[in-house]
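These notes are about the structure you will find just below.
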Amino acid sequence: MTALLPIILTASHIVLVADAVPKFNVDQTCHRAGEVSVSLGRSAGDCRRDEEDAHSKLQQDWAQYTPAQRTGCVRFSSLGSSPSYVELLTCLEMAKQAKELPEASKAVTSGQR
């Protein structure tokens, strides 16, 4: 039973993550983005506004995504050191649209026919 405790705690944490919009440090994310995108004419402030808009949209629409979509996209958008609400929202929208595609239009992966 002791060996299963870390697995149980990890699994319960993943479920909790999927139940609510996660909290990201967008100041850190936008500071890095601002440094990189100076030549594109985008500031850290522009990034913060985009992140805040995406966060608001996520709060409104969170329930329309499946728990699997939320968990997978939270993991994806948290890779690396700069999590992003914009990336999370984009991932969720793509996952939702992919699920809604007609079965016949979905690409066959290599080795499956």
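Every number in this text was worked out from the coordinates using simple rules, so none of it is lab data. What you are looking at is a predicted structure, and each value in this text was computed from that prediction instead of being measured.
With the alpha-carbon atoms of the stretch 20-98 aligned to their principal axes, the span from lowest to highest coordinate is 37, 23, 23 Å, starting with the largest. Estimated at 0.36 nm per residue, the fully extended path between S78 and M94 surpasses their Cα-Cα distance by 4.1 nm.
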